[in-house]
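Following: one structure in structure tokens, then a few remarks.
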Amino acid sequence: MSTNTVTANVGQNPIVIETGKLAKLADGAVTVRCGDTVVLVTAVSQTKVRAGQTWFPMSVEYKERAAAAGVFPGGYFKREGRPTEKEILTCRMTDRPLRPLFPKGYLYDTQIVALLFAADGVNDADIVAMNGASAALAISDIPFEGPIGAVRVGRVDGELVVNPTFEERAESDLDLVYVGNKTDVVMIEGAADEIPEADFIAALRFAQGHVTTLVEAQEELVAQCGKEKREYTVTVAKEEHLEIGYRVAGDRIEDAIYKPSKVERAKAVGALRDEVEAALKEADPEISDFAIEQAFEHIQKKAFRISILEKGIRADGRKVGELRALTAEAGILPRVHGSALFARGETQALATTTLAPADEKQYFDNYAGGEDSKQFILHYSFPPFSVGESGRFGGLNRREIGHGALSERSIQAVIPDVEEFPYAIRVTSEVLESNGSSSMATVCSGTMSLLQAGVPLKRPVSGISVGLVTDFDEEGNLKDHKLLMDIIGSEDFYGDMDWKLCGTSEGITGFQLDLKLRGISLDIFENAVHLAKEGRTKVQEAMTAAIPEVGQLSEHAPRIESVKIDPERIGELIGPGGKHIKGIQAESGAEINIEDDGTVHIYASKAESLECAKKMIEDMFAEVEVGATYTGKIVNTMAFGAFMEVLPGKDGLIHISELAEGRVEQTEDVVKTGDEVTAKCIGVDEKGRVKMSMRAAIREARGESDDSDDRDEGDGQQGGGRRGGGGRRGGGGGRDRGGSRGGDRGGDRGGDRGGDRGGRGRDRDKPKDDVPPPEKEESFSLTDD
């Protein structure tokens, strides 16, 4: 078995590309390795065009196998299911830079398949797969104007890092995926933590140098084992058809495409198309609908590009650097936690924000490594009526997922940390009208809805798109170009670039480049970065006018407060089988989330529910304070006193002598189980056992001083401590129960609790019938030695 291998020394771990061992029946197949992450990538293109094919049917599939990470898939069937968001985004990042590198008019069914075979949890597989797709196409016989290289660039502690590990990415303020050929940029995607434009441009130039290394490695592999490119045909408009079309519509097409609104333009252009179709069918009765469409599109594109390059006038009449009319409004919907509407020309997005407890955050599989959850989610919806059409409604497509991901990561940089704002946050964007850059409208409306919902964003984020129109000579050299601010749909369709850039007043937060060329100079791209900043600054001004500051939390949003407990005592709050926490939630109506560090988040839709839960938790973990007065229920009565629930889970004993000011014969004469009483804490011993006094609370309520401390000290003449002199409960009777009340529990009962017990101190072998069982009284150590 003959294999060929090349190595590109890029980043901490070199990228090794090998071919000739696996999947040899594919037109091109390579395994790519970075560290211990291994991906197999194959490329296959059919040799016949399907009948009626009118567009380039290229598909990219990327699949992460659970076995690559050494784990079982979840679910009943125990096998991988539908594509995850990570897999879909990897497919899109792979597809976009490859598509413009196929010949124009190449309509053969083509498929790229990438399978993750091994994952080390350190190196991401998406960059590995993208380089593999280029290499597989480059060594195959499929016509492909590559190879290209892909790198990820991060910035850790101010230093640029190529292909950072997951650990480094967690510390990075930049996540740039850069794809290019040897000299030019082809595709960009990623996010940043408000990175300045100058630093962003420096990162692009840094990335280009490493991309060149990857391209050279693939060229070496092609030289070793590349196949000769196959014969193929392209489907393009015929010259004779173009001549007929120009004769019919050439002098009127500009007037049609300059109509002020999308609907008017569509009607005018449609009428011209009908005339061109009739003329072409008269000249060639066998002409296909596809050939007619090709001819008419060519006419529109030529008129569109000449108007911009020669006159500086765009389809809707704007100048090349002019924005469409802006509309921004916050708080337009009732009941929802936050809402906002943003429109730029005929593009309109309505966003709503929903807040939920932090444990509602999204969890997902991460076989390749990296994060497995996110607190902030943005979902983007693009219904067919937004472009004036009918069609399939419901479900998700890759475009919606990709646009939602771009908007989400653009706003993510300003979302507060969960410690500051302990909510899970979801933004939903409904695109109601679309004529270009609906994802940027989503960023703007989403930001406004978050502010209106009371989310304390660091700064508002705005977004804008920049387009490009170019003119090349016959040798492929660039003769002229124009950058377009805030492109509409036709400018995206007929133009050469859609560069979306988002950021705050401090810097860039999100970006995505789609290019229809084989590459553009970084010099042009640098100018586009500065033009985008100018545009998004104007957009932000309109947003700020609509909502200048963070709004108040909606009355319908869950309230939240946090309390801190000892992490070692989390189990006490949860209780056996969740008994305690379930009880608090049931009684208060609040929802409780516990962090590992002992932070307890309490969520409730009503303030009274939140306060109830908060008090129950605080009471559960509060410590009884000597001298403080408490109200609680009697939980048990004994001959020697009553047990009172001072705090949840904490009982204290009210000795029979502390139940009332006068003499108490029996505990039940004063209190019974279930009674609610008020008592003052008069002591806590070294073992945490609590002594309470209703008598002291009564005196305190009357404004009289309490002598509990003196009673505890005793006086030597009347016995020992609280109840007398001899030993623990000796003869005299102390201050309360000695001299003045000697007949009660001191002198006259000397044989009872003074004399008999005085001499033996702690000896309790002879309990009296009218004295509580010694083991019960001793178990709470209610008197002082």
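The values are calculated or read from the model by the stated rules, or taken from the named source; none is laboratory data. Treat the numbers as computed from the prediction; the structure is a model and nothing was measured. Virtual Cβ from ideal backbone geometry, glycine too; neighbours counted across all protein chains shown. What goes into the accessible areas is simple: the full protein's heavy atoms, side chains included, and nothing from ligands, DNA or RNA. Shrake-Rupley method; radii C 1.70, N 1.55, O 1.52, S 1.80 Å.
Worth a mention:
- Shape class of the range 337-378 from the alpha-carbon gyration tensor: oblate, with a/c at 1.5 or above and b/c at least as large as a/b.
- Note on the range 375-492: Cα-only Rg and Dmax are 17.7, 60 Å.
- Loop trypsin sites (Lys or Arg not before Pro), the range 315-392 (other Cβ atoms within 10 Å of the site Cβ: 13 or fewer; DSSP): 335, 392
- Sequence of 612, 681 when ordered by accessible area, the most exposed leading, probe 1.4 angstrom: 612, 681
- Charged side chains reduced to their Cβ positions (Lys and Arg at +1, Asp and Glu at -1) give the chain a dipole of some 1140 debye around its Cα centre.
- Radius ratio Rg over Rh of the range 108-204, counting only Cα atoms, Kirkwood formula for Rh: 1.02
- For the chain, the longest principal axis of the C-alpha atoms and the axis of helix 85-98 are separated by about 20°.
- Computed lengthening from residue 197 to residue 373, 0.36 nm per intervening residue step minus Cα-Cα distance: 60.4 nm
- Selected from 244, 547, 407, residue furthest toward positive end of dipole (the chain; charges at beta carbon): 244
- When 41, 670 are compared by accessible surface with a 1.4 Å probe, the order from highest to lowest is 670, 41.
- Within the range 300-434, the proportion of C-alpha pairs whose separation exceeds 18 Å stands at 68%.
- C-alpha long axis of helix 607-621 to longest principal axis of the chain, angle in °: 60 degrees
- Translational diffusion of the range 530-622, µm² s⁻¹ [Kirkwood Rh, Cα pairs; Stokes-Einstein; 20 °C; 1.002 mPa s]: 137 µm²/s
- Low-density loop positions, GluC sites (Glu not before Pro), the range 655-704 - DSSP coil, at most 14 other Cβ in 10 Å: 661, 665, 686, 704
- Gyration tensor verdict on the range 552-603 (Cα atoms; rounded if a/c is under 1.5, prolate if a/b is larger than b/c, oblate otherwise): oblate
- Along the chain, the exposed loop sites are chymotrypsin sites (Phe, Trp or Tyr not before Pro) outside DSSP states H, G, I, E and B with at most 12 other Cβ atoms within 10 Å, and the longest stretch free of them is 394-785.
- Dipole axis of the range 184-310 (+1 Lys, Arg; -1 Asp, Glu on Cβ), positive-most option in 280, 217, 300: 280
- Taking GluC sites (Glu not before Pro) across the range 456-556, the ones in a DSSP loop with at most 16 further Cβ atoms lying within 10 angstrom of their Cβ are 474, 475, 506, 549, 555.
- Cross-link pairs beyond the 25 Å C-alpha cut-off, checked among 21/229; 262/458; 319/479: 262/458
- Cα gyration tensor, the range 535-574 - rounded (a/c under 1.5), prolate or oblate: prolate
- The chain: antiparallel DSSP beta bridges as a percent of all, rounded to 5: 90 percent
- Relative to its Kirkwood radius, the Cα radius of gyration of the chain gives an Rg/Rh of 1.21.
- Note on the chain: dipole from Cβ charges, positive end direction compared against 391, 502, 602; the farthest Cα belongs to 391.
- Gain on full extension, evaluated as 0.36 nm per residue between residue 399 and residue 363 minus their Cα-Cα distance, stands at 10.8 nm.
- In summary, the lysines within cross-link reach of residue 374, defined as a Cα separation below 17 angstrom excluding same-chain residues under 8 places away, comprise 86, 361.
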